[in-house]
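The values are calculated or read from the model by the stated rules, or taken from the named source; none is laboratory data. Keep in mind the model is a prediction, meaning the values are calculated, not measured. Heads up, the Cβs are rebuilt from the backbone with ideal geometry, glycines too, and the neighbour counts pull from every protein chain shown. Calculation scope for accessible area: heavy atoms of the full protein, side chains included, ligands and nucleic acids excluded. Shrake-Rupley method; radii C 1.70, N 1.55, O 1.52, S 1.80 Å.
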Amino acid sequence: TASSSSSSTSALPLVRSTTMDTTTTFRRRRTPHSPSSSNNIKSWMLITLASITIFMFGIFITIISQHKKQLKTGGSIYTKSNTNKLSNTAACPHGQERTWHGGHPAEDRPGSCWCGQDEYCMCTPSVAIDIVLYQKRPSTKNNPSDGADYDVWVVRRSDTNQLATIGGFVDTGETTENAVLREVEEETGITIPPQLMSSHHSGASSPNKNNSAIKLIGVYSDPRRDNRRHIVSIAYALEFNPDIMTTKDGSGIPHAGDDAKDVIAIPLEEIGVKYVGEDWYADHLSILLDFKMQLMVMKDGE
């Protein structure tokens, strides 16, 4: 019995030892996983924070880019109002155009304007030039002329099929006189020597000003004169002289170019008599009738 008791007593420590070893082994197996889980959480937090930072930085870059683009296009400028207060103005974006009142036809229509914070919108007209290109009618056997009769070269528009004077819009940085040279060459092929225009720029005091190839007919600014938009046109008269002006093809005869469908010569006396009303685009008949009157006055003065 004593031996048995002793044997039992000596067995107990072995059980405790086995239990402790099992617990220690469990703890040793679990402990290495704890730092790894913490590192994973930290990594995800860093990734999330970096993503948010990149996203916010992208938004910031987009805002800056849009602001620079707006400044470049004049979308955000500062002008002094009548009350001497600085007001921020911006161009109306596409789809949010403001309504411009007036023009022809009478109905209101949307258009791009410069609008201030006080909702006051400035819609400035476009600038164009119109040229009455006229030429002394050559005398022929079937149509004798004393040199006092004139023909007017006009174009037939490709969009409306109406007759129109030669002309177009003035480019930014371009004078109206230079626009005359460019449009005449583009639409008829006629090249005007620059020296024929130089005296026109020399000022009112120049004794050679009257020698300019072009003469001012008038300024036409009625907002209803053109169906497209409000266009202010400066109309000039230009006498075509084949002896000093050349054509691109060397024929000495104007030919249609650019957006003109055709170029034709019309007897001046038939304008307003045979060619009237709907035959003409916009107010070009009025321009031609004014020129006709001025030419008659000039001839009577001679």
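Put Asp130, Asp243 in order of accessible area, highest first, and with a 1.4 Å probe you get Asp243, Asp130.
Note the full-extension length gain between Ile63 and Asn161 as 0.36 nm times their separation in residues minus their Cα-Cα distance, in nm to one decimal. Present the calculation step by step, with values, prior to reporting the outcome.
On the way: separation 98, 0.36 × 98 = 35.28 nm, distance 4.80 nm.
Once the chain is fully extended between Ile63 and Asn161, it gains 30.5 nm.
The fraction of accessible area contributed by carbon and sulfur in segment 207-302 is 51 percent, rounded to a whole number (1.4 Å probe; ligands and nucleic acids excluded).
Just report the Cα centroid separation between segment 170-193 and segment 234-297, whole Å. Segment 170-193 and segment 234-297 have Cα centres separated by 15 Å. Take each peptide in 179-185, 258-264, 293-299, count the other Cβ atoms within 10 Å of every residue, and average; sorted highest first, the result is 179-185, 258-264, 293-299. Length available on full extension from Leu216 to Gln195: 0.36 nm per residue minus the Cα-Cα distance, which gives 5.8 nm. Working ranking of peptides 279-288, 248-257, 157-166, 226-235 by packing, defined as the average number of other Cβ atoms within 10 Å per residue, highest first, is 279-288, 226-235, 157-166, 248-257.
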